[in-house]
Amino acid sequence: MTATPERMDGVDIYSMFDNNVGLDLRMREALDQGLVAPFHYFGINEIDDIHYDKSTENDLNKLIKKLCISKRVDYIIEKMNHYGFDGNKRKCLGFCADTNHARFMVEEFNVRGISSELINAEIEPKQRQLLIDRLEDDKDPLEVIFTIDVLNEGIDIPSINQVLLFRPTRSSMIFIQQLGRG
């Protein structure tokens, strides 16, 4: 089952299953039918110091410099606290633009007392699962896992109660995949 059968990598997901489609259900339909948890999406304005333009969109290094600002982290945490989460413990995924951005976010969140870890392509699957298990454990202090394109699809972490989308994208598919993790 997938809500996003169209893939950016060009792989034909239908052919992987001999074109045997068990269910073709998009997020809107699943929400309307009460099959997935409803959610609140809040689009937050960027801090005043950050302005995007064509040169930023096309230059990842320029973009990362704009994203890795301590003042921006303070603003993000302020908004996270303002909008909150369901439950007794924050269980959050933060989708970042690249590994440098994710490492910066982990470091900055940890300095501010929000226990955070990184999952990227360099982290072995067993270690990824250990971090996910820690996040789901109400007694573990881990609150946020920052990631880069690893947890977009094919993963279900039922206790997630907050998703942060820091990775700029024009792809509605990536947006829906990352949003769907929550």
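The values are calculated or read from the model by the stated rules, or taken from the named source; none is laboratory data. For clarity, every value in this text was computed on a predicted model and none was experimentally measured. No Cβ is skipped: glycine too gets one built from the backbone with ideal geometry, and neighbour counts run over all protein chains shown. The protein model used for the area step is the full one, side chains on, heavy atoms only, and it has no ligands, DNA or RNA in it. Shrake-Rupley method; radii C 1.70, N 1.55, O 1.52, S 1.80 Å.
Here are some notes:
- Search result, residues across segment 83-120 that are open to solvent by 30 Å² or more (accessible area, probe 1.4 Å), at pLDDT 90 or above and among the charged types (D, E, K, R): ARG103, GLU107, ARG112, GLU117
- Residue satisfying all of: in segment 69-82; of a type in the set (Val, Ile, Thr) and either in a helix (DSSP H, G or I) or in contact (Cβ under 8 Å) with a residue 40 or more places away in the chain (or both); surrounded by the fewest Cβ atoms within 10 Å (Cβ to Cβ) among these: ILE77
- Flag for ASP18 being surrounded by 10 or more Cβ atoms within 10 Å (Cβ to Cβ), out of contact with any Ser or Thr (no Cβ under 7 Å at 6 or more places or on another chain) and modelled with pLDDT of 70 or more: no
- Filtered residues of segment 91-115 (kept if within 14 Å of the chain's Cα centre (by Cα) and assigned to a loop (DSSP other than H, G, I, E, B)): LYS91, CYS96, ALA97, ASP98
Residues are listed down the side, and each one gets a yes or a no for (1) buried (at least 19 other Cβ atoms within 10 Å of the Cβ); (2) of a type outside the set (Val, Ile, Thr); (3) out of contact with any Leu (no Cβ under 6 Å at 6 or more places or on another chain); (4) at pLDDT below 85:
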{"site": "ILE132", "(1), (2), (3), (4)": "yes, no, yes, no"}
{"site": "ASP137", "(1), (2), (3), (4)": "no, yes, yes, no"}
{"site": "GLU143", "(1), (2), (3), (4)": "yes, yes, yes, no"}
{"site": "ILE155", "(1), (2), (3), (4)": "no, no, yes, yes"}
{"site": "LEU179", "(1), (2), (3), (4)": "no, yes, yes, yes"}
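- Test for ALA37: is it modelled with pLDDT under 80 and surrounded by 14 or more Cβ atoms within 10 Å (Cβ to Cβ): no
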